[in-house]
1. Within segment B:101-109, does at least one residue satisfy the condition of being assigned to a helix (DSSP H, G or I) and charged (D, E, K, R)?
2. Out of segment A:81-98, which residues are aromatic (Phe, Trp, Tyr) and within 16 Å of DNA strand C (Cβ to nearest atom)?
3. From the list A:Ala49, A:Ala101, A:Ala43, which one is touching a Ser or Thr at 6+ places or on another chain (Cβ under 8 Å) and more than 8 Å from DNA strand C (Cβ to nearest atom)?
4. I need the full set of residues from segment B:121-148 which are more than 7 Å from every other protein chain (Cβ to nearest Cβ) and among the basic types (Lys, Arg), in order please.
5. For the list (1) part of a helix (DSSP H, G or I); (2) farther than 30 Å from A:Arg256 by Cβ, I need the number of the one condition that A:Val97 fails.
6. If the Cβ limit is 7 Å and pairs must be 6+ apart or interchain, which residue in segment B:106-117 that is of a type in the set (A, V, I, L, M, F, W, C) pairs with which residue that is in a loop (DSSP other than H, G, I, E, B)?
7. Report, by residue number, each residue of segment A:62-80 that is assigned to a helix (DSSP H, G or I), away from every other protein chain (no Cβ under 14 Å), near DNA strand C (Cβ under 8 Å from one of its atoms) and open to solvent by less than 70 Å² (accessible area, probe 1.4 Å).
2 protein chains.
Amino acid sequence: MPAEASAPTGDGTQAQAGPGAAAAPGRRERVREATLREIKDNARRRLAAEGPPGVSLRAIARDMGMTAPGLYRYFSGLDDLLNAVRADLFHELSAAVAGAAGPLPADDTDGRILASLRAFRSWALAHRAEFSLLFATPAPQDAPDPRVLEAGREFAASFFSLFDRLLAEGRIPLPADEEIGPELRDRLDAFAAKTGFTIDNASYGALRVLMSCWVRLYGLVSMEVAEHMTPIMGDMEPLFEAELQDILSPAGVEYRASHRP
Amino acid sequence: MPAEASAPTGDGTQAQAGPGAAAAPGRRERVREATLREIKDNARRRLAAEGPPGVSLRAIARDMGMTAPGLYRYFSGLDDLLNAVRADLFHELSAAVAGAAGPLPADDTDGRILASLRAFRSWALAHRAEFSLLFATPAPQDAPDPRVLEAGREFAASFFSLFDRLLAEGRIPLPADEEIGPELRDRLDAFAAKTGFTIDNASYGALRVLMSCWVRLYGLVSMEVAEHMTPIMGDMEPLFEAELQDILSPAGVEYRASHRP
DNA sequence: AGTTTTAGTGAACGGCGTAAAGCTTACGGT
DNA sequence: ACCGTAAGCTTTACGCCGTTCACTAAAACT
């Protein structure tokens, strides 16, 4: 006795009434998509609440009022689900970083960069478990998932595009190419090749500065998320802001305090 | 039919011959200590081979020819075992860092620092799973173990002592205290208080530089261990060496290439 | 000698991922 | 309008896991 019995047009076989108002995606696929979302949402709830080890198929199924093997219609296993969540999280993180720059004027490059880097930190702190799922050291044997790799690339690109603008403005005091050793140049070539940069528009010096910025930001935020220093120095925000200043000055970005603490 | 049957002196009850040569610590405690080591060694073997999730009491017990509940005589549970391993690993890492500086002359501060930081990276790369166990983001709810905290402090101290020497030599071009904001000064005060530094011998500027160095080194090594960049830029050593140079120059350390690649 | 402490086993409980088989229901083709 | 078929889901089952409890055998102490 489902509630659908009170539908205006129909009784008897609703198979007839169903496909009449069919939208493009088809009803079947819509409910499937909804279930898929529900599974991932529940996975995230547990992830946020209990960390990565708290995510289990059985628990998720229980929360949804079904049994674990049913989830195999949607994911090929726990790893597959986790990878799907990872990909979603990368997209979300990218959006958070890009979104923070959105409200600022397009020509305020410095402001956009500052806002984006702060947004990265904020997202990480507001989603510790998610952050650690994204950036944790993978187990020795498990191969990376292509969806996650792609989403990671997109995330990286959302950072690089900020940098591109900076380069275009030509304000970065770049180290001369000759100061960079030949082995490192090789590696930066490889990096540029796989990320779409060309050495034409981004010199070795520029890539060098970019890497340096990213490493420092990543180290800082990772430490804060993992709370390695928190027990001995408390609130890390002052250190973050001070480092932000130091990180960005070699890239020619003028530091500004955040007006909304 | 064991090989021991061919032993020269013995047959009958060997219980009589045993306790004669008892040493100070007591025989009982020795074998207990040995078993304890064996458990931790087996835990490490699995850790290195399969990463943190591969460490299980049942598997370890199986490897040792006993059953899982028996291990509860030595550890109060899996977490307890993992924490013991963590503490051991911190000691080992500290020793590796300190040991790398050992062979160098005591007055070669720059050389000792370079060797120590390179040793940190080398250890991390040679023990990826162990490194990630030490520095992974903890699950939201689990409280830190005091033994691990203490060992972590010791590890930090092994780094700080290098820095102390640098300070004593007065070669660091320190930022003036006034350049450091009041909030950050508060945090650095807290940091100094809990680590044994005093603001007398280490100015705010010095602590600021120390933190900056550590954050950059940590970020760099973490990224390399997690292999975030490896797929797109291959061997990270050139970047590490270049960063090492940049990291240490604000601390007044003169970079030297490593003679043994 | 007997008593107590220790190391270890065996069985059991509940939770986990996952494979196989079966049942219901809705869809698609005719 | 009907029927084959596939999708969604459950039941059952296997083997792994951490952990508890009751128990035995041996060592240590008195």
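The values are calculated or read from the model by the stated rules, or taken from the named source; none is laboratory data. Just so we're clear, the structure is a prediction, and the values are computed from it rather than from any experiment. Quick reminder, even Gly has a Cβ in these numbers, built from the backbone with ideal geometry, and neighbours come from all protein chains shown. Just the protein is used for accessible areas: all its heavy atoms, side chains included, with ligands, DNA and RNA removed. Shrake-Rupley method; radii C 1.70, N 1.55, O 1.52, S 1.80 Å.
1. No.
2. Those that are aromatic (Phe, Trp, Tyr) and within 16 Å of DNA strand C (Cβ to nearest atom): none in segment A:81-98.
3. Testing whether each residue is touching a Ser or Thr at 6+ places or on another chain (Cβ under 8 Å) and more than 8 Å from DNA strand C (Cβ to nearest atom) leaves just A:Ala101.
4. B:Arg121, B:Arg147
5. Of everything listed in (1) part of a helix (DSSP H, G or I); (2) farther than 30 Å from A:Arg256 by Cβ, A:Val97 misses just condition (2).
6. B:Ile113/B:Val253; B:Leu114/B:Arg256; B:Ala115/B:Leu104
7. Passing the criteria: A:Ala68, A:Leu71, A:Asp80.
Table: residues versus (1) open to solvent by 60 Å² or more (accessible area, probe 1.4 Å); (2) over 23 Å from A:Glu227 (Cα atoms); (3) within 16 Å of DNA strand C (Cβ to nearest atom); (4) at pLDDT 95 or above.
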position	(1), (2), (3), (4)
B:Arg128	yes, no, no, yes
B:Phe135	no, no, no, yes
B:Ala139	no, no, yes, no
B:Arg153	yes, no, no, no
B:Leu166	no, yes, no, no
